[in-house]
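A.B. asks: Before I ask anything, let me first share the structure, which is written out below as structure tokens.
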Amino acid sequence: MAMLSNAPAAKGSKPRAHRKAFHLDVTPMVDLAFLLLTFFMLTTTFNKPTVLQVAMPDAKGPRTTVPPSGALTLLLGKNHQVHYFVGLNPGADASRLHTTTFAAGGLRQVLLKFRQNPAGMVLIKPSNAATYQSMVDALDEMNITGQQKYALVDLDQADQRLLATHRL
């Protein structure tokens, strides 16, 4: 608490205005600050991680066949780029391979155009050079464009050769 102390005047001197020394004890205020800090730390909620739900089919279930005309293959490459072609593997024909980005005018427009095919299915094939963020962005674009049928597929040897011949 606060205390005031009076210093006695020296003998034989003129009476002067007494200066009073003021001392404030801040211990209760520090205690209150730590109690409030502890209270708010214990009652706050921390950021909860957001999780993207992906329903994967049962491996023992029936296998789905995709006709070549009804497939859009996305090859996730390095530098956050997406290489795509319509159909299944075009072989060594690198002229059918197109490159875009995850921007709104890139992959989203390709998916919206492909969505007009009602029996179409998108095959997402991440390469070893692709980042995890590229995979998440591709799955986000599937949700944004309302793509109903898509699958995460391993990159095969023919796709790796196609990416190697199509260096940008």
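Bear in mind these aren't lab numbers, they're just calculated from the coordinates by the rules spelled out. In this text, all values refer to a predicted model and were calculated from it rather than measured experimentally.
A.B. asks: Given bins 10 angstrom wide, list per bin the percent of all Cα-Cα distances in the range 56-168, short to long.
C.D. replies: With 10 Å bins starting at 0, P(r) equals 13, 50, 33, 4.
A.B. asks: Then there is this: Need the C-alpha centroid separation for the range 138-168 versus the range 17-56, integer Å.
C.D. replies: Value for the Cα centre distance between the two parts: 49 Å.
A.B. asks: Checking the table LYS48/LYS113; LYS48/LYS149; LYS125/LYS149; LYS78/LYS113; LYS60/LYS113 against a 26 Å threshold on Cα-Cα, which pairs fail? Please list the in-between numbers first.
C.D. replies: On the way: LYS48/LYS113 35 Å; LYS48/LYS149 29 Å; LYS125/LYS149 14 Å; LYS78/LYS113 24 Å; LYS60/LYS113 33 Å.
Violating the 26 Å limit, Cα to Cα: LYS48/LYS113; LYS48/LYS149; LYS60/LYS113.
A.B. asks: Ordered by residue, what ³J(HN,Hα) values in Hz, to whole numbers, does the range 34-40 give under the Karplus form 6.51 cos²θ - 1.76 cosθ + 1.60, where θ = phi - 60° and Gly and Pro are x?
C.D. replies: Residue by residue, the range 34-40 yields 5, 5, 5, 4, 5, 4, 6 Hz.
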